[in-house]
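K.L.:
Take this structure first; my questions come after.
The values are calculated or read from the model by the stated rules, or taken from the named source; none is laboratory data. All values derive from a computational prediction rather than experimental measurement. To get the accessible areas, we keep the full protein, side chains included, count just its heavy atoms, and leave off ligands, DNA and RNA. Shrake-Rupley method; radii C 1.70, N 1.55, O 1.52, S 1.80 Å.
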Amino acid sequence: MKKFNIRKVLDGLTASSSGTASPQPGTNQNDVIQETLQSEHFQLCKTVRHGFPYQPSSMAFDPVQKILAIGTQSGAVRLFGRAGVECYCQHDSGAAVIQLQFLVNEGALVSALADDSVHLWNLRQKQPAILHTLKFNRERITFCHLPFQSKWLYIGTEKGNIHIVNVESFTLSGYVIMWNKAIELSSKSHPGPVVHISDNPMDEGKILIGFECGTVVLWDLKCKKADYRYNHDEAIHSVAWHHEGKQFTCSHSDGTLTTWNVRVPAKPTITITPHGKQPKDGKKPEPCKPILKVEYKTTRAGDAFVVMSGGLSYDTGCRRSCLTVMHGKSTAVLEMDYPIVDFLTLCETPYPNDFQEPYAVVVLLEKDLVVIDLEQIGYPIFENPYPLSIHESPVTCVEYFADCPPELIPALYSVGSRQKRQGYSKKEWPISGGNWGQGTLSYPEIIVTGHADGSIKFWDASAIMLQVLYKLKTAKVFEKALKGGKEEKPSTEIVDEDPFAIQTLSWCPESRMLCVAGVSAHVIIYRFSKQEITTEMVQLLEVRMQGELNDVDSPDPAGDHPPTPSTPVPPSSSSPTQEGEPPEAQPFTSDDRPRDNVPGLKVWSAPLKQSPGYQVELVIQLVWVSGEPPQQITSLAVSSSDGLVVFGNSSGLAVVDYLQKSLLLNMSTSELYSPSDPYQRQPRSPRKTRQPSGALSDNSDGNNISEEKSSKSPTSAKMSKKMSSPTEQKTGLDAKDSSFSRSRSSSVTSIERESREAISSFHFSESFPRKTDSSPSPSLWLGTTQGTVLVLSLSLPPTGDQRLQQPVGVSSCGTLVRLKGGILTMAFLDSLGAVLPTSYEPWSEPNAPDEEKTRRRRPASPPPTHEGQDSQYAVVCSEKQAKVVGLPSQSCFFKHNITENSFVLRADVVQMAAGLCLACFCANGHIMTLSLPSLRPLLDVNYLPLTDMRIARTFCFSNLGQAMYLTSPTEIQRITYSQETCDNLQEMMGELFTPLETPEAPNRGFFKGLFGGGAQSLDREDLFGETAAGKASRSLAQHIPGPQGMEGMKGAASGVVGDLARARIALDERGQKLGELEDRTAAMMASADSFSKHAHDMMLKYKDKKWYQL
């Protein structure tokens, strides 16, 4: 345990290499802060990935293990078992996964990639690893097929050839089916790529090969020749066997299904166009869209199921993708929300030569996974237990809260359970394989996501799982435009689309207060309640935020604009437009006057029914100023103990008392500086021609802001229509990901953008806003994009009725410190180095009767400090630096330059199990942690380069070494930088493979066994082995062994275990057969003894008789 003596540091005797010290009088020798965090407490690793696989391309299912695998276009493989059992794997090449094949009940998976490589994954370990890779050099892979309980993998290629791979050794067999031998010799054209391979369910020696041109060949593996060839004019997309092995069905590009008899290759026995219009004159039906896939599944009790995707008529071009289920005479067309990528029919048996008994269909869509119940009327879908709805609306902001109050998750779940949809299948989710992890590290974790449609989702993220708890729709507070009787999103001119999108949010888990800022420059404050209420009128507060004084060239002396209202106004007065119509987003009104004092959205004016959960307390809207829309809000904070909300943008900041529904402070950033402030900047504007602006308020000293001044309208400014974060301003990264830039392009030059100082962060604290303070008091600390930390002192009335009646005083205390780069985060430590939590009001039911309501209580203030001694330390982190400042002396004790060539995107002061640290994520991909308060580097890992703005905007740290970010539009990646979590990760992860017995093969029956009518087995080893088929060409494919090291050893160990298990099973079977032989031998001996006894008795009977006496 390393100890840091502040006195010695100040004397220059002990200092870190990057720290600088300044002298501080009156520090005692006893003021020793013990730092318990060391480098060995940190390790960085990925934990789990949640969400829907981005850009899925293929799918497979193990019917015995009941595990689902989904491959993506970026080379990822996601494996799903029961709820909470998920796994993420990644191919190093990043090539698209074109096909997946399970080794059923073997704990292995084969993946074929678009770069013509085939991989074998070992799933018998918690983190799957590649055991073998085979890279084809001269041919492109188009289709793969692995027969059930076979070790020989058929691989079809673009040239029309079929190669065979031994999946145990991952070597090529010398047996090759060449395309020119498979098709007729008289054919003059190439048949095209192989699109299908399957073996006859009743005869393993016959395989069906489908070529793209429409030719299907039944190939005899033993005789090495084609038994039958089936030709059709239309291209083939898929082929499905009937389980008895006498017929098969093909789907074609013209929307037809053809059913063929194996022994009648001349023409199909049945040709149907499921969705084609049947003409009356006997002509062919009109062609339809291609049927991309068909599956034919039989049942013992009734008609077979035919499931297919595609095949719709061309005149239904506007219809969505559909899955068609034909059962007997009924045909059900099931519309999907997104295009279908693939589907699989789940059956009771893994054996292809038995009645299939289908019970569900798994449909993989471009942005969803749907499972349909085939056994219930109407084909309802199963309720999906996986967290695949993260992208239901694009994610615009994310916050991560670890170690939350334990009662919070049950409270959110109780109100969220009432939001569940009805009409799901009543059966259990069919993908139920794997087992949960046994980890002991578990504490309440919540992830909050804000979305483009204005919705907010709360997720339970405890124990590396993810489950949606509650969904809040903020758009319900606003009215929607009606055109032609249909609802339309209102246009606000501030943004092109998604006017309700969540820009940022501030949530206090202890008090359950939620504050949300939207892109239309609106702020909504919510309280949590378990009771349903009806709000007669939504409380609305309009705020007129204007720019800096020097931005105005020709102020309007008439002062036409009224002062900013400090009391709630009814929604109907928020806009000069007619009742029921939203304000048109035009910079000029009908009489050519600049649009002014009008908000971007219209608040709901009728009584609003609010369900249990988060209920609206107050809506704050920024209004247009002289034809210019309000700037988007860049920072936001809520204090439940103070009853205040503060928000800021490039124009300045506003402080609102949400208890009294009044505006306390509204001023530009430059007005916060005192005239004598050394950090004061003189704002400037490059533009000379300006529109007349509103009335100017008196410019008084920024040190004391009276109630009269705070209620007046501040200075006006011509504003841009887009506000970028400081990171975007400096890097231009927003151009890389347009999905996050939903606002209109800026009309401000780069000089003006750089000159405008925006508010970038807030922090409420019980601290020392002035050097002369002897005891802490409520204060608001704010950071700017230019690296300045300013302080506001808050004067709060006593709790109770006086708090609701007397005004809150706000006064500026000037500048605390200046850093390089924009301020990202602030926190406060006590004299022992422990973090000072933000004070809060404990949650109580807001809708309870008055006599049941608890009194508002503020936490007790810490004892006053001794004169000349610092009792708090402010930790401030910017895009370039971190500083630790003593309070109330305001002396800088430690300084650390985090990065010179890059900049910090996200920084948070986080509580680890062993202490406190500052965690930073830089744009160059480095994740760093610094000790507190000495700012010693503890961890610096080059984790990932910043590839798009999504990572920059969604990366966030949380307590106990947890962090997360959006790795794709649909997926959340969680990581940990805690050594303890890394050590326990294997125990926390679920197991995919469970030892299970393979179901018994179907009974052949007496007559089939007698006359040979059952399934014919084939010894493929005799055909494909090196002895019979020889060696394959070395130049055709290259074998690459799996990665070495621990994963490879684990995989090998698992393989050895599997081999031992198989050997044990073989020995058991041999012992069983020997036992049966012994029983039969004993029976024969008993029969022989009986015969011997009878013979002896006969001999004694006739021993003394003459021959004529017989």
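K.L.:
From largest accessible area down, sort 397, 813, 213; use a 1.4 Å probe on the protein chains.
P.N.:
213, 813, 397
K.L.:
While we're on this one: For residue 469, which sequence-distant residues (separation of 5 or more, or a different chain) have an amide H within less than 5 Å of its own amide H, given hydrogens modelled in the peptide plane?
P.N.:
458, 459, 460
K.L.:
How many angstrom lie between the C-alpha centres of segment 253-303 and segment 791-834?
P.N.:
Their Cα centres are 75 Å away from one another.
K.L.:
Still on this structure, I have one more. For segment 901-997, with all protein chains present and a 1.4 Å probe, just round the carbon and sulfur fraction of the accessible area to a whole percent.
P.N.:
Reported share for carbon and sulfur atoms: 47 percent.
K.L.:
Okay, moving on. Sort segment 39-102 into rounded, prolate or oblate with this rule: let a ≥ b ≥ c be the square roots of the eigenvalues of the Cα gyration tensor; rounded if a/c is under 1.5, and if a/c is not under 1.5, prolate when a/b is larger than b/c, oblate otherwise.
P.N.:
It comes out oblate by the Cα gyration axes.
K.L.:
Could you look at segment 311-381 and say what percent of its accessible area is carbon and sulfur, using a 1.4 Å probe and all protein chains?
P.N.:
51
K.L.:
For segment 614-654 and segment 413-471, what is the centre-to-centre distance using only Cα atoms, to the nearest Å?
P.N.:
31
K.L.:
A further question follows. Non-local amide H neighbours of residue 617 (under 5 Å, H modeled in plane, Pro and chain starts lacking H): which ones?
P.N.:
525, 526, 527
K.L.:
Between residue 227 and residues 5 or more places away or on another chain, which pairs have amide H atoms under 5 Å apart, with H built 1.01 Å from N, and which residues are they?
P.N.:
Placed amide hydrogens put 218, 219, 220 under 5 Å from residue 227.
K.L.:
Can you work out the accessible area per residue across segment 34-107, with the rest of the protein chains kept in place, probe 1.4 Å, in square angstrom?
P.N.:
Dividing the accessible area of segment 34-107 by its residue count gives 31 Å².
K.L.:
Given axes a ≥ b ≥ c from the Cα gyration tensor, I'd like to know whether segment 270-390 is rounded (a/c under 1.5), prolate (a/b larger than b/c) or oblate.
P.N.:
It comes out oblate by the Cα gyration axes.
K.L.:
Now for a different question. Over segment 90-211, what percent of the accessible surface lies on carbon and sulfur atoms, probe 1.4 Å?
P.N.:
49
K.L.:
If you roll a 1.4 Å probe over the heavy atoms of the protein chains, what accessible area per residue do you get for segment 155-230, in Å²?
P.N.:
Here the per-residue accessible area is 38 Å².
K.L.:
Quick check for you: with a 1.4 Å probe and neighbouring chains kept, what is the accessible area per residue of segment 795-835, in Å²?
P.N.:
Result: 41 Å² of accessible area for each residue.
K.L.:
When only the heavy atoms of the protein chains count and the probe is 1.4 Å, how do 373, 948, 453 rank by accessible area, highest first?
P.N.:
453, 948, 373
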